[in-house]
Amino acid sequence: MEETFHKLALKLQEKNPSLSYEEARNWVEALWEDFESTRARAGRSYKGQEVTERIVTEWVNRFGDKLHEYFSSNPKFQHLLKKGPKH
(Lines give C-alpha, C1' and ligand atoms only; values in the text may rest on other atoms or scores of the structure.)
Protein backbone atom coordinates (compact mmCIF):
# COMPACT_ATOMS: atom_id res chain seq x y z
CA MET A 1 0.00 0.00 0.00
CA GLU A 2 2.93 2.31 0.72
CA GLU A 3 4.01 2.06 -2.92
CA THR A 4 0.48 2.82 -4.13
CA PHE A 5 0.19 5.92 -1.94
CA HIS A 6 3.65 7.06 -3.08
CA LYS A 7 2.74 6.60 -6.76
CA LEU A 8 -0.56 8.44 -6.36
CA ALA A 9 1.09 11.29 -4.42
CA LEU A 10 3.62 11.76 -7.22
CA LYS A 11 0.83 11.74 -9.80
CA LEU A 12 -1.06 14.35 -7.77
CA GLN A 13 2.07 16.51 -7.60
CA GLU A 14 2.32 16.34 -11.40
CA LYS A 15 -1.26 17.61 -11.66
CA ASN A 16 -0.84 20.18 -8.91
CA PRO A 17 2.81 21.30 -8.59
CA SER A 18 1.90 23.78 -5.86
CA LEU A 19 1.53 20.84 -3.45
CA SER A 20 4.50 19.52 -1.56
CA TYR A 21 4.98 15.76 -1.54
CA GLU A 22 3.66 15.64 2.04
CA GLU A 23 0.53 17.61 1.11
CA ALA A 24 -0.09 15.42 -1.93
CA ARG A 25 0.38 12.30 0.16
CA ASN A 26 -2.07 13.61 2.78
CA TRP A 27 -4.65 14.31 0.07
CA VAL A 28 -4.25 10.82 -1.38
CA GLU A 29 -4.61 9.15 2.00
CA ALA A 30 -7.66 11.29 2.88
CA LEU A 31 -9.37 10.55 -0.43
CA TRP A 32 -8.60 6.84 -0.06
CA GLU A 33 -9.98 6.70 3.47
CA ASP A 34 -13.04 8.74 2.54
CA PHE A 35 -13.92 6.48 -0.38
CA GLU A 36 -13.57 3.29 1.66
CA SER A 37 -15.47 4.62 4.68
CA THR A 38 -18.27 6.03 2.53
CA ARG A 39 -18.73 2.65 0.83
CA ALA A 40 -18.76 0.91 4.20
CA ARG A 41 -21.32 3.33 5.69
CA ALA A 42 -23.50 2.76 2.63
CA GLY A 43 -23.46 -0.96 3.38
CA ARG A 44 -21.56 -1.88 0.25
CA SER A 45 -19.21 -4.83 0.28
CA TYR A 46 -15.47 -4.28 0.17
CA LYS A 47 -14.20 -4.64 -3.40
CA GLY A 48 -10.49 -4.50 -2.61
CA GLN A 49 -7.64 -2.06 -2.91
CA GLU A 50 -7.69 -2.22 -6.70
CA VAL A 51 -11.12 -0.58 -6.86
CA THR A 52 -10.15 2.11 -4.36
CA GLU A 53 -6.92 2.77 -6.24
CA ARG A 54 -8.83 3.11 -9.51
CA ILE A 55 -11.29 5.61 -7.99
CA VAL A 56 -8.62 7.70 -6.25
CA THR A 57 -6.54 7.70 -9.45
CA GLU A 58 -9.58 8.95 -11.35
CA TRP A 59 -10.12 11.73 -8.79
CA VAL A 60 -6.46 12.74 -8.97
CA ASN A 61 -6.60 12.84 -12.77
CA ARG A 62 -9.86 14.77 -12.87
CA PHE A 63 -9.56 17.09 -9.90
CA GLY A 64 -5.87 17.06 -8.96
CA ASP A 65 -5.22 20.62 -10.00
CA LYS A 66 -8.42 21.84 -8.32
CA LEU A 67 -8.75 19.75 -5.17
CA HIS A 68 -9.10 22.87 -3.08
CA GLU A 69 -12.14 23.91 -5.16
CA TYR A 70 -13.93 20.58 -5.23
CA PHE A 71 -13.39 19.58 -1.63
CA SER A 72 -13.14 22.95 0.17
CA SER A 73 -16.77 22.92 1.27
CA ASN A 74 -16.44 19.48 2.87
CA PRO A 75 -15.40 19.84 6.54
CA LYS A 76 -13.49 16.57 6.57
CA PHE A 77 -11.02 17.98 4.03
CA GLN A 78 -10.57 21.43 5.61
CA HIS A 79 -7.34 20.41 7.35
CA LEU A 80 -5.75 19.72 3.95
CA LEU A 81 -6.26 23.21 2.58
CA LYS A 82 -3.34 25.59 2.77
CA LYS A 83 -3.68 28.18 5.47
CA GLY A 84 -0.90 30.51 4.40
CA PRO A 85 2.88 30.26 4.58
CA LYS A 86 4.44 27.85 7.02
CA HIS A 87 7.23 29.07 9.25
Quick check: is even one residue across the stretch 26-40 β-branched (Val, Ile, Thr), at pLDDT below 95 and more than 10 Å from the chain's Cα centre (by Cα)? yes
Filter result (out of contact with any Ser or Thr (no Cβ under 6 Å at 6 or more places or on another chain), buried (at least 16 other Cβ atoms within 10 Å of the Cβ) and of a type outside the set (Asp, Glu)) within the stretch 33-50: Arg39
Which is modelled with pLDDT of 75 or more and in a loop (DSSP other than H, G, I, E, B), of Leu8, Leu67, Leu12, Leu19? Leu19
Could you give every pair whose Cβ atoms fall below 7 Å, whose first residue belongs to the stretch 3-14 and is among the aromatic types (Phe, Trp, Tyr), and whose second residue is open to solvent by less than 70 Å² (accessible area, probe 1.4 Å), counting only separations of at least 6 or pairs across chains? Phe5/Arg25; Phe5/Val28; Phe5/Glu29
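The values are calculated or read from the model by the stated rules, or taken from the named source; none is laboratory data. Quick caveat, the model's predicted, so the values are computed rather than measured. When we count neighbours, we look across all protein chains shown, and the Cβ atoms used for this are built from the backbone with ideal geometry, even at glycine. Heavy atoms of the whole protein, side chains included, go into the accessibility calculation; ligands, DNA and RNA do not. Shrake-Rupley method; radii C 1.70, N 1.55, O 1.52, S 1.80 Å.
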